[in-house]
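J.: Supplied in structure tokens, the structure appears directly below.
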Amino acid sequence: MRVVDNLNLALRSVLERDPEAYLLGEDIVDPYGGAFKVTKGLSSTFPDRVLSTPLSEGGIVGVGGGLALAGSRAIVEIMFADFVALAFDQIVNFASKSVSMYGKRVPMPLVVRCPSGGGRGYGPTHSQSPQKHFIGVPGLSLYEISPFHDNQALLPAILRRAVPALLFEDKLLYGRQMYTEGVVDDLLQYDFPAPDVARVFVETPDECDCVLIAPGGVSQRAIGAVRRLLLEHEISCQLLIPARLYPLPIEALLPVLRGAGSVFVAEESVAGGTWGHEVAQLVHRALWGELRHPVTLIHSQDSIIPTAGHLEEQVLLQETTICRTVVETLRD
Amino acid sequence: MTSAVATADRAKERTPLTDEDLLLLLMIRRFEEELLRLFGAGLLNGTTHTCLGQEYVPVALRTLIGLEDFVFSNHRGHGHYLARYQDLRGLLAEIMGREGAVCNGVGGSQHILRDRYLSTGVQGQSLPVAVGVALRLKHAEPGRLVCAHIGDGTWGEGSVYEALNMAALWRLPLLVVVEHNGIAQSTPTTAQMAGTIADRVKAFGIDHHRTESTDIGEIRAELDPMIQRSREASLPLVVEFATHRVGPHSKGDDTRPPDVIERAEAHDWHRSYATAFPERFAHADERARSLVEEVVAEVQDLPPAVWTEQ
């Protein structure tokens, strides 16, 4: 099953099971079914609760906040993650603060879905990974889809936590197949050493030379790098993909990281104040004396994301960048 | 002289109001005055925005908006809260960070949540949220509405137009109450708003009603059928009060020239009701003063609020 179909099923299941759930977004109703077809078919089944909206990102996230405040579950699709900047006030100053600013916990089951990332030639305003701009907001959680995590379990779990969440969805991932039954390919397997943390490993999960932590959107590049490291450099690298990026469940990752002593973080975000910095700080605090080298960050360049394919490739995180950085770091 | 006579005549024509409404009006007035005094004495932390001159707006609306309706308030919200809950103690404790505070001292003057009442401090932020609540009410509790208070300055925010568009498009029971006091903090409306609120609202096909009255009975009679229609037909409505901010924006920051302030004071409901019903007014005022004084004395001595649900 493709990731986009898994996500579509997850949304359908939330709407089916919860008569108070709403799904809002631009161009999401049939026959169009959303810019990336994630919501295809849903408005035909739930015409009153799956609503196409005006081009008003701030407004529709505010509507989602109002629905959540009044007792509904609300899911809002931002057509391109770049546009979530227009909803910054509603996310940061209203939905997230409302959880605690009234002196008692207020349930706010609101999920803002953000199709993110480049690699499709959409250019500087339609290709970003804005995760880093939302890290460290009290009351706000960040999630990212992956080909390992079943969204039919993840999405209801996020809503049950009843705190506002951003769900990042890498655009290139939509068309990929979900992995099933613990098998990645002929070389690699996967399991879940902790709830919502997927681990990709070679043969035995207990032995590896290093660990690579990456968000779901980087899965393909990270898996490619893990294969090449093994086949071309005889380096055994484990890959950890947490579904929740922030707050990161660091305790769940520590047993794996401790064993390796060598940790890398790969993400598509452009350089500067990235998610990886947050991960590195958490790992350093927990394992400083046990690491062979400081956590190494691998990310895109300090640049806007250009449109032409060859230029985009120069800027964005590549499989080869991950591979090269790991080899060079371990060699040193 | 002529204008003074005209004002007096108008005052005499005031429709009678209940003791409860009169007391409430004066309680809010005394509460706000007392806050400014407490600030002056260095007894309050942070900032506050009083509704001096605008107290009649929520008092007039309180019989038209029930506890089952939602109310969204803004930075200038003490009157909105007190008109709905008559809870001097809880509000003062909130502003002073004392035990018994409505939101445990976390929200303070401009971030209050109690049942279906919510205030928040960013201009225009509440309107899309109010649209979301109205969307739910339309389906889950037809007949209920959402009342959102904003000011004339709020019309500079794009979120207002995004919200009005959706409310009209989806036919939602949203009552937007505009307290148009002619000044946004220190900037006169004429320097920050092109055109009129009426025309802006008209562009969305939403009903707009402007009232210059400060007479509680008159306002209720005017608005009752319109608000009923908004509920029954599930339609948005914008009611614009031509009102006057008698006090400063916040505390001691009034840069308006004296003649502008005098004009605001000439429109104050306070004078008109004092002239129209002198004895009842004096009696109610005495009662309001003592209620507020009692609460101030009591709350000042309470221990600090405790925040446990971080």
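The values are calculated or read from the model by the stated rules, or taken from the named source; none is laboratory data. Just so it is clear, the structure is predicted and the values come from calculations on it, not from any experiment. Because the Cβ atoms are built from the backbone with ideal geometry, glycine has one as well, and the counts that use them run over all protein chains shown.
J.: Quick one: residue B:127 ticks every box in (1) surrounded by fewer than 24 Cβ atoms within 10 Å (Cβ to Cβ); (2) within 18 Å of residue B:234 (Cβ to Cβ); (3) at the interface with chain A (Cβ under 8 Å from one of its Cβ atoms) except a single one, so which number is it?
T.: Result: residue B:127 fails condition (1) only.
J.: Determine whether residue A:123 is in contact with a Leu (Cβ under 6 Å, 6 or more places away or on another chain), assigned to a loop (DSSP other than H, G, I, E, B) and not β-branched (Val, Ile, Thr). Step through it out loud before you land on a result.
T.: On the way: in contact with a Leu (Cβ under 6 Å, 6 or more places away or on another chain): no; assigned to a loop (DSSP other than H, G, I, E, B): yes; not β-branched (Val, Ile, Thr): yes.
So residue A:123 fails the test.
J.: Scanning the stretch B:141-167 for residues that are facing another protein chain (nearest Cβ under 9 Å) and assigned to a helix (DSSP H, G or I), which turns out surrounded by the fewest Cβ atoms within 10 Å (Cβ to Cβ)?
T.: Step by step, filter the stretch B:141-167, then rank; the result is B:158.
J.: Can you give me the number of residues within the stretch B:94-107 that are surrounded by fewer than 24 Cβ atoms within 10 Å (Cβ to Cβ), out of contact with any strand residue (DSSP E or B) (no Cβ under 9 Å at 6 or more places or on another chain) and of a type in the set (Gly, Ala, Ser)?
T.: Number satisfying all stated conditions: 1.
J.: A further question follows. If a residue has to be basic (Lys, Arg) and in contact (Cβ under 8 Å) with a residue 60 or more places away in the chain to count, how many in the stretch A:172-201 make the cut?
T.: Residues of the stretch A:172-201 that are basic (Lys, Arg), as a first pass: A:176, A:199.
Filter once more, so that each one left must be in contact (Cβ under 8 Å) with a residue 60 or more places away in the chain: A:176.
Going through the stretch A:172-201 one residue at a time, the tally reaches 1.
J.: Looking at the stretch A:112-141, which of its residues are surrounded by 24 or more Cβ atoms within 10 Å (Cβ to Cβ) and among the aliphatic types (A, V, I, L, M)?
T.: Passing the criteria: only A:112.
J.: Quick check on the stretch B:70-114: of everything there that is in a loop (DSSP other than H, G, I, E, B) and more than 11 Å from every other protein chain (Cβ to nearest Cβ), which residue is farthest from residue B:180 (Cα to Cα)?
T.: Within the stretch B:70-114, the first condition is being in a loop (DSSP other than H, G, I, E, B), and the residues that meet it are B:74-77, B:86-87, B:97, B:99-107, B:111-112.
Checking the rest, the ones that are also more than 11 Å from every other protein chain (Cβ to nearest Cβ) come to B:74-77, B:86-87, B:99-100.
Details: B:74: 13, B:75: 14, B:76: 12, B:77: 14, B:86: 24, B:87: 26, B:99: 35, B:100: 33 Å.
Taking the candidates together, the pick is B:99.
J.: Another question, then. Does any residue of the stretch B:234-248 turn out to be free of Cβ contacts under 8 Å to residues at least 40 places away in the same chain, away from chain A (no Cβ under 14 Å) and among the charged types (D, E, K, R)?
T.: No.
J.: Mind checking which pairs have a first residue in the stretch A:58-72 that is more than 7 Å from chain B (Cβ to nearest Cβ) and a second that is crowded, with 24+ Cβ neighbours inside 10 Å and aromatic (Phe, Trp, Tyr), Cβ under 9 Å, 6 or more apart or different chains?
T.: What qualifies is A:61/A:94.
J.: Would you mention how many residues in the stretch A:98-112 are more than 8 Å from chain B (Cβ to nearest Cβ) and either in a helix (DSSP H, G or I) or in contact (Cβ under 8 Å) with a residue 60 or more places away in the chain (or both)? Even if it seems obvious, please write down each step before you answer.
T.: Residues of the stretch A:98-112 more than 8 Å from chain B (Cβ to nearest Cβ): A:99, A:107-112.
Applying the additional criterion that residues be either in a helix (DSSP H, G or I) or in contact (Cβ under 8 Å) with a residue 60 or more places away in the chain (or both) yields A:99.
The total comes to 1.
J.: Output the number of the condition that residue A:22 fails; it satisfies all remaining conditions of (1) in a helix (DSSP H, G or I); (2) within 8 Å of chain B (Cβ to nearest Cβ); (3) touching a residue at least 40 places away in the same chain (Cβ under 8 Å); (4) over 30 Å from residue B:101 (Cβ atoms).
T.: Of the numbered conditions (1) in a helix (DSSP H, G or I); (2) within 8 Å of chain B (Cβ to nearest Cβ); (3) touching a residue at least 40 places away in the same chain (Cβ under 8 Å); (4) over 30 Å from residue B:101 (Cβ atoms), the odd one out for residue A:22 is (1).
J.: Exactly one condition in (1) touching a residue at least 60 places away in the same chain (Cβ under 8 Å); (2) surrounded by fewer than 16 Cβ atoms within 10 Å (Cβ to Cβ); (3) assigned by TED's automatic domain parsing to the domain that holds residue A:319; (4) not β-branched (Val, Ile, Thr) is false for residue A:215; which is it?
T.: The one condition residue A:215 does not meet is (2).
J.: One residue is enough: does the stretch A:244-259 have a residue meeting the conditions farther than 26 Å from residue A:171 by Cα, free of Cβ contacts under 8 Å to residues at least 60 places away in the same chain, surrounded by fewer than 23 Cβ atoms within 10 Å (Cβ to Cβ) and among the acidic types (Asp, Glu)?
T.: yes
J.: Please determine whether any residue of the stretch B:155-173 is free of Cβ contacts under 8 Å to residues at least 24 places away in the same chain and within 20 Å of residue B:74 (Cβ to Cβ). Break it down into steps so the answer makes sense when it comes.
T.: Step one: of the stretch B:155-173, the residues free of Cβ contacts under 8 Å to residues at least 24 places away in the same chain are B:169.
Narrowing the set further to residues that are within 20 Å of residue B:74 (Cβ to Cβ) leaves none.
Within the stretch B:155-173, none of the residues are free of Cβ contacts under 8 Å to residues at least 24 places away in the same chain and within 20 Å of residue B:74 (Cβ to Cβ).
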